[in-house]
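Working notes, structure below.
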Amino acid sequence: MDRPERPRLSSLSDLRFGAVATETIEDTLLHLAQQNEQAVQEAAGRMGSFRETRIVEFVFLLSEQWHLEKSVSYQAVEILERFMVKQAENICRQATIQLRGKTEPQKWRALKEQLFNKFILRLVSCVQLASKLSFHYKIISNITVLNFLRALGYLHTKEELLESELDVLKSLNFQINLPTPLAYVEMLLEVLGYNGCLVPATQLHATCLILLDLVYLLHEPVYESLLRASIENSTPSQLQGEKFVSVKEDFMLLAVGIIAASAFIQNHECWSQVMGHLQSITGIALESIAEFSYAILTHSVGASTPGQQQPVPPHLVARPPRAAASSNP
């Protein structure tokens, strides 16, 4: 099988934080915050439905096999998620039209079958598109993709591969350079470095990557734990679950939770200081950061979590806790 050469990636020890001008950091952080607010406001319906463990694991393993950077794997998951949501909405729309017209539901069933049959092709196309967005000196070639698909028993031509990429691009209006949680994590680590965080940013970064992988792989359990904690109820209603979709699309909240959990693992004595910095930078309530880091740590290291070792300071409300799941309208 034609395998791509391993890109010359820098090691974690080569990462440098604190080398960017403060004006650039401020502008970038503001831009990310605006993007995040828009994503949270627009979150609805089936968003997040396709960050399922088996799908994410497939993308991660494929990215590893092709020696892609971590940022590419996260980007591929987000492209695939948005594409699949668009396709699911289209199928539902066709089904509604045909049910109203009392016609045979052939079209939406055909669309559903086509989506099912071409899912692996679409997934691989999303990984290939994500690789083209990265700054690699060598992207994943069509030959590499076709050989991989052939090894799985899927026989496709170069034309079909190009058509698949085009279908994804058209479905997303060519808007595939999507923000990922990693961008938020790395930007916040940059700011923490300037603010005098006691835990080195490079040290936090390595742990953040591991925990971010974990949250992607255990997306549903982690956010279920967060939902139950936010409503203080072990059995959320359907309405509460639907309102919680906006929390699942809040990458800034995810980033602060990841960093706080990483800080606790690296040096739990500095956890409160890191929490304070994150609250000051983002405006997210300390209680919300603590709840998210608690959910992440519960699914990673288990019992010794910040919720049990250190109290959360009482001044919480710069940005209200993420009680989007509240049953009250």
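The values are calculated or read from the model by the stated rules, or taken from the named source; none is laboratory data. No experiment lies behind these values; they were computed from the predicted model shown. Here Cβ is always computed from backbone atoms with ideal geometry, including for glycine, and neighbour counts include all displayed protein chains. To get the accessible areas, we keep the full protein, side chains included, count just its heavy atoms, and leave off ligands, DNA and RNA. Shrake-Rupley method; radii C 1.70, N 1.55, O 1.52, S 1.80 Å.
A compact table of results
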{"read-out": "3 or more residues farther than 24 Å from L209 by Cα and modelled with pLDDT under 90: qualifying helices (runs of 4 or more DSSP H) within the range 226-329", "value": "238-243"}
{"read-out": "Close pairs from the range 253-270: first among the polar types (S, T, N, Q), partner outside any helix (DSSP H, G or I), Cβ under 9 Å, at least 6 apart", "value": "S262/V199; Q266/V199; Q266/P200; N267/L198; N267/V199"}
{"read-out": "Which listed residue, of L198, L253, is outside the structural domain of R122 (by the TED database), open to solvent by less than 50 Å² (accessible area, probe 1.4 Å) and in contact with a helix residue (DSSP H, G or I) (Cβ under 7 Å, 6 or more places away or on another chain)", "value": "L253"}
{"read-out": "Residue list for the range 12-60, restricted to those being modelled with pLDDT of 70 or more and small (G, A, S)", "value": "A21, A33, A39, A43, A44, S49"}
{"read-out": "Enumeration of residues in the range 49-81 that are in contact with an Asp or Glu (Cβ under 6 Å, 6 or more places away or on another chain) and open to solvent by less than 40 Å² (accessible area, probe 1.4 Å)", "value": "R51"}
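Yes or no, residue by residue, for (1) closer than 25 Å to Q38 by Cα; (2) over 13 Å from the mean Cα position of the chain (by Cα); (3) among the hydrophobic types (A, V, I, L, M, F, W, C); (4) surrounded by fewer than 19 Cβ atoms within 10 Å (Cβ to Cβ):
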| residue | (1), (2), (3), (4) |
| --- | --- |
| L212 | yes, no, yes, no |
| V215 | yes, no, yes, no |
| E220 | yes, no, no, yes |
| E224 | yes, yes, no, yes |
| N233 | no, yes, no, yes |
| Q238 | yes, yes, no, yes |
| E242 | yes, yes, no, yes |
| V247 | yes, no, yes, no |
